[in-house]
Structure formats: C-alpha cells, structure tokens
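Here is the structure we will look at, set down as structure tokens.
The values are calculated or read from the model by the stated rules, or taken from the named source; none is laboratory data. None of the values given here were measured: they were computed from a predicted structure. Cβ sites come from the backbone with ideal geometry, for glycine too, and all protein chains shown count toward neighbours.
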Amino acid sequence: MCDYCGCREVGVIGERSDDHEQLVDLAARIRRELGRDRAEAAIALAELQSRLRLHLEREEEGIFRQLAVEPGFDGYLADLEGDHREARQGLLSVDPLAELSEATVRAGLEELEAHITREEQDLFPACRMLLSAEAFAEARVAHDRITARETGNEVASSS
Ligand SMILES: [Fe+2]
Ligand SMILES: [Fe+2]
C-alpha cells in the first residue's frame, strides 16, 4: 500500500486504502482455502464480495466523481471504471453458494489486485495532490450516503 506521499492521512483515502488491505487479505485467504476447504473459500468470497461492492460504490461516488471535475482525467477514470465493471461482471457475479469455478475466482482476484495496485500507486497520490478540502468533504458526504443506504438509515429527501 502507498506509504510515501501521505495520501492515507486524508480520511476518505485512508479508509479506502484500509478496504484495499482487507480485500488483499481476503484474496489471500480465498486462494489458500481453494486448495483445501471449498466451504471456507466460499465464506471468504462472500465476505470479499460484500466489502468490494461497497468499496467500488464509495470510490465511484466519492473520489472518482471529484476527480472527474479536473481536466484531463476522462480516459484515466474510464479505465478504472472499466476495471470496476469487469469486477462486477466477474468476481462479484460468482455465486459463492454454487460450485466455485476456481479459474474464474483466481482470475478475478488477480485482476482485483492489479486494480488495487494502480489505485494505491497512482490514483490515491493523484487525488491527494489535486483534490481540494471541499472535494474531499464532498467525497465524505457521498461515502456517508452510501453507508446510510446500506444500513437502511437514509434520510428521506424533502423534495
Ligand atoms: Fe477501484
Ligand atoms: Fe479501490
């Protein structure tokens, strides 16, 4: 994980970086269990999927949306969003209760880890340099909105 530019000190980035560490740990657990206990692999996969779903939403509605306002990032963000789309079509669409396709799961984990490395080494430091305190505050609001949606505590809009 990125330990050199201070990007993890920004709350919304640090939290997403913590997500990355948890996802990488879960990926290692899934790989280990695929070789010895399929039921445990399925449990770890279900946990990874639920964390990853929220993680992708928070990135997209948080820092991706804020970075999209900066000039010159359209193609860059489209690539990252493409990775997210592939994760949804791949790893997130695997049914942990069905017979696991080891090749599909392993390929999905590899793609996820490559994506995480790009974000840690490139996206997060770029956000740290480019985004304003206001942009991070907006990202925080988006993250909180997703948390509220997830926990069913969303405040009804008056409009
Ligand atoms: Fe991402
Ligand atoms: Fe990420």
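How do the pairs read when you match residues in segment 13-33 that are within 11 Å of L109 (Cα to Cα) and within 12 Å of ligand 1 (Cβ to nearest atom) with residues anywhere that are hydrophobic (A, V, I, L, M, F, W, C) and modelled with pLDDT of 95 or more, using Cβ under 9 Å and keeping only pairs 6 or more apart or on different chains?
What qualifies is L23/L48; L23/L52; L23/L112; L23/I116.
Report the residue count in segment 54-80 for those that are exposed (fewer than 15 other Cβ atoms within 10 Å of the Cβ) and assigned to a helix (DSSP H, G or I).
Going through segment 54-80 one residue at a time, the tally reaches 4.
Which of (1) away from ligand 2 (no atom under 14 Å from the Cβ); (2) under 24 Å from D144 (Cα atoms) is the odd one out, the single condition I30 does not satisfy?
(2)
Going residue by residue through segment 92-99, is there one that turns out to be within 16 Å of ligand 2 (Cβ to nearest atom) and under 20 Å from R145 (Cβ atoms)?
no
Are any of the residues in segment 36-53 among the acidic types (D, E), away from ligand 2 (no atom under 16 Å from the Cβ) and within 20 Å of A137 (Cβ to Cβ)?
No: zero hits.
Can we say R145 is closer than 19 Å to R53 by Cβ and more than 14 Å from ligand 1 (Cβ to nearest atom)?
Numbers: closer than 19 Å to R53 by Cβ: yes; more than 14 Å from ligand 1 (Cβ to nearest atom): yes.
For R145, the condition - closer than 19 Å to R53 by Cβ and more than 14 Å from ligand 1 (Cβ to nearest atom) - is met.
When residues of segment 81-102 are filtered for being under 30 Å from D37 (Cα atoms), exposed (fewer than 15 other Cβ atoms within 10 Å of the Cβ) and either acidic (D, E) or within 19 Å of the chain's Cα centre (by Cα) (or both), how many remain?
The number of residues fulfilling the criteria is 7.
Please find, within segment 113-146, the residue that is modelled with the lowest pLDDT out of those that are of a type in the set (V, I, T) and touching a Leu at 6+ places or on another chain (Cβ under 8 Å).
Residues of segment 113-146 of a type in the set (V, I, T): 116-117, 141, 146.
With touching a Leu at 6+ places or on another chain (Cβ under 8 Å) added as a condition, the list becomes 116, 146.
Values: I116: 98, I146: 91.
For segment 113-146, the residue satisfying everything is I146.
Inspect segment 103-118 for any residue being of a type in the set (V, I, T), within 16 Å of ligand 1 (Cβ to nearest atom), within 21 Å of R31 (Cα to Cα) and under 17 Å from the mean Cα position of the chain (by Cα) and give the result as yes or no.
Our first condition is that a residue be of a type in the set (V, I, T); within segment 103-118, this holds for 104-105, 116-117.
Keeping just the survivors that are within 16 Å of ligand 1 (Cβ to nearest atom) gives 116-117.
Adding the requirement that they be within 21 Å of R31 (Cα to Cα) leaves 116-117.
Next, only the ones that are under 17 Å from the mean Cα position of the chain (by Cα) stay: 116-117.
Yes, some residue in segment 103-118 is of a type in the set (V, I, T), within 16 Å of ligand 1 (Cβ to nearest atom), within 21 Å of R31 (Cα to Cα) and under 17 Å from the mean Cα position of the chain (by Cα).
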